[in-house]
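Accompanying notes for the structure given below.
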Amino acid sequence: MNILILGSGGREHTFAWKLAQSPQLSKLFVAPGNAGTAKIATNVPIGVNDFEAIKDFVINEKITMVVVGPEDPLVNGVHDYFLQDDALKDIAVIGPEKLGATLEGSKEFAKEFMMRHNIPTAQYKSFTENTVEDGFQFLEELNPPFVLKADGLAAGKGVVILNDLDDAKKELKAMLVDQKFGAASTTVVIEEFLDGIELSVFVLTDGLSYKVLPTAKDYKRIGEGDTGLNTGGMGAISPVPFADKAFMDKIEQRIVKPTVEGLKTDKMPYKGFIFIGLIKVGDDPKVIEYNVRMGDPETEVVLPRIQNDMVNLLKAVADQKLADIALQLDERTATTVMTVSGGYPGSYEKGKEITGIDSIEDSLVFHAGTKLVDGKVVTNGGRVMAITSFGEDFKKALDKSYRNVEKLSFEGMNYRKDLGFDL
Ligand code: AMP
Ligand code: GLY
């Protein structure tokens with residue numbers, strides 16, 4: 001079969017790498033892709049939100065499955081667009097319809113979903129410009145730190161955590177009244193601060209049954225010791241060592257099952273990945289957020305640990321036959337280290353030549369922000385390249401990733417050298 005992947009990051013390169021191993025695959029396309037996907041698939045210069053161009057391409061190339069990488073097209077309704085078009089409605093789309101995607105597109109919607117289905121999460125209230133004074137009062141009732149979340153998609157920047165009450169009030173006003181995040185902060189969710197260690201659980205569902213995929217922990221801050229600005233993710237480790245059987249059972253019973261059941265009860269058609277951001281408070285898991293896609297760079301450690309044929313697995317999702325499949329996992333630990341451009345997550349330059357890729361041994365190279373120029377691989381984004389390795393434990397896997405990262409070079413290259421420091 002012919003498959004189109006939407007996206008251009010390390011996540012999409014990993015999906016391409018995994019799908020390319022299936023004997024069922026004929027042609028693989030990635031829109032728009034990167035220098036890594038160009039080696040194993042055909043890149044197509046189409047934006048992920050250009051539904052009309054996607055439609056033409058899918059029809060011309062006889063695509064029978066579209067795998068959606070990022071949240072944007074899902075929140076914009078790409079799956080619904082396919083279902084509503086006679087020429088596209090039989091093409092499998094991996095990723096939820098717009099209603100399901102609202103679990104990521106609106107924090108308030110997600111909180112209401114969790115409350116309705118008794119899924120453990122932080123206590124909260126939401127506010128708009130008209131109720132900003134009530135928001136100030138709510139902040140006064142809470143203990144610091146104060147967690148303020150823009151309701152809508154804000155490119156990962158919409159969560160602000162502040163220690164000072166006056167700062168929190170100013171931030172609330174900036175979000176609601178001054179529209180700091182534009183329409184995304186028309187509504188703001190204020191919630192209880194949860195103190196604990198974070199992890200992510202990934203679930204694949206066909207809307208009827210589900211598979212719990214490997215857990216992962218990502219490192220979001222740019223600086224060592226989890227300091228400095230938030231990034232898209234500087235590396236990841238799977239499985240998460242502290243997520244033992246007893247804790248995973250709690251996650252499945254209290255969170256995964258009620259989530260999938262809740263989707264059914266609420267008539268939210270969902271065929272795709274659910275990325276559940278969790279925090280371990282004491283011995284109990286609580287949900288921080290839902291994402292309606294795989295994580296990046298978590299995908300770079302989760303997919304390599306799945307041994308099933310990926311085309312089979314995704315076809316089962318599309319056909320709602322996931323219950324018939326047994327998940328096969330590599331028990332080893334996988335780690336990935338993300339190399340980033342100098343200056344990232346602030347401003348950075350692009351177009352720097354990357355050398356040393358061919359000297360990497362015994363690790364997987366997943367391109368993120370790269371492109372090919374005159375046959376050379378150059379940087380084309382903040383996050384540039386992820387190096388994934390396997391090991392008996394996370395330390396051994398990380399040693400391998402770091403040994404190989406040292407062989408890579410581009411002007412300004414930066415990476416975190418302390419992944420796993422908190423485990
Ligand atoms: P989100 O965009 O919802 O993932 O939030 C970004 C980050 O903010 C999370 O990864 C957490 O580190 C932190 N965070 C979000 N909500 C809370 C909370 N209620 N308590 C503590 N930390 C939080
Ligand atoms: N690594 C976090 C994310 O993909 O949202």
Does the range 320-333 contain at least one residue that is over 19 Å from residue 212 (Cβ atoms) and at pLDDT 95 or above?
no
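Filter the range 258-290 for residues that are surrounded by fewer than 15 Cβ atoms within 10 Å (Cβ to Cβ), away from ligand 1 (no atom under 16 Å from the Cβ) and over 21 Å from residue 151 (Cβ atoms) and give the result. Break it down stepwise before answering.
The initial filter retains those residues of the range 258-290 that are surrounded by fewer than 15 Cβ atoms within 10 Å (Cβ to Cβ), namely 261, 264-267, 281-284.
Narrowing the set further to residues that are away from ligand 1 (no atom under 16 Å from the Cβ) leaves 261, 264-267, 283.
Correct list: 261, 264, 265, 267, 283.
Can you tell me which of 61, 12 is surrounded by 18 or more Cβ atoms within 10 Å (Cβ to Cβ), among the acidic types (Asp, Glu) and in contact (Cβ under 8 Å) with a residue 12 or more places away in the chain? Don't jump to the end; show me each part of the working.
On the way: 61 fails: surrounded by 18 or more Cβ atoms within 10 Å (Cβ to Cβ).
Just one listed residue meets the conditions, 12.
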Tell me whether the range 140-153 contains one or more residues that are more than 22 Å from the chain's Cα centre (by Cα), buried (at least 18 other Cβ atoms within 10 Å of the Cβ) and away from ligand 1 (no atom under 12 Å from the Cβ).
no
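Would you check if there is a residue in the range 285-295 being in contact (Cβ under 8 Å) with a residue 60 or more places away in the chain, under 24 Å from residue 111 (Cα atoms) and away from ligand 2 (no atom under 16 Å from the Cβ)?
Among the residues of the range 285-295, at least one is in contact (Cβ under 8 Å) with a residue 60 or more places away in the chain, under 24 Å from residue 111 (Cα atoms) and away from ligand 2 (no atom under 16 Å from the Cβ), which makes the answer yes.
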Tell me, which residue of the range 174-208 that is among the polar types (S, T, N, Q) and crowded, with 16+ Cβ neighbours inside 10 Å is nearest to ligand 1 (Cβ to nearest atom)?
200
For residues that are in contact (Cβ under 8 Å) with a residue 24 or more places away in the chain and part of a helix (DSSP H, G or I), scanning just the range 18-53, find the one that is surrounded by the fewest Cβ atoms within 10 Å (Cβ to Cβ).
40
Under 18 Å from the mean Cα position of the chain (by Cα) and either within 24 Å of residue 296 (Cα to Cα) or free of Cβ contacts under 8 Å to residues at least 12 places away in the same chain (or both): is that true of residue 103 in this structure?
yes
Please enumerate the residues belonging to the range 227-239 that are more than 14 Å from ligand 2 (Cβ to nearest atom) and either in contact with an Asp or Glu (Cβ under 9 Å, 6 or more places away or on another chain) or closer than 15 Å to residue 336 by Cα (or both).
239
State whether the residues of the range 159-173 include one that is surrounded by fewer than 16 Cβ atoms within 10 Å (Cβ to Cβ), within 15 Å of ligand 1 (Cβ to nearest atom) and over 30 Å from residue 300 (Cβ atoms).
yes
For the range 210-242, how many residues are part of a loop (DSSP other than H, G, I, E, B) and touching a residue at least 40 places away in the same chain (Cβ under 8 Å)?
14
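The values are calculated or read from the model by the stated rules, or taken from the named source; none is laboratory data. Nothing here was measured: the structure is a model prediction, and the numbers come from that model. Positions of Cβ are backbone-derived with ideal geometry, glycine not excepted, and every protein chain shown enters the neighbour counts.
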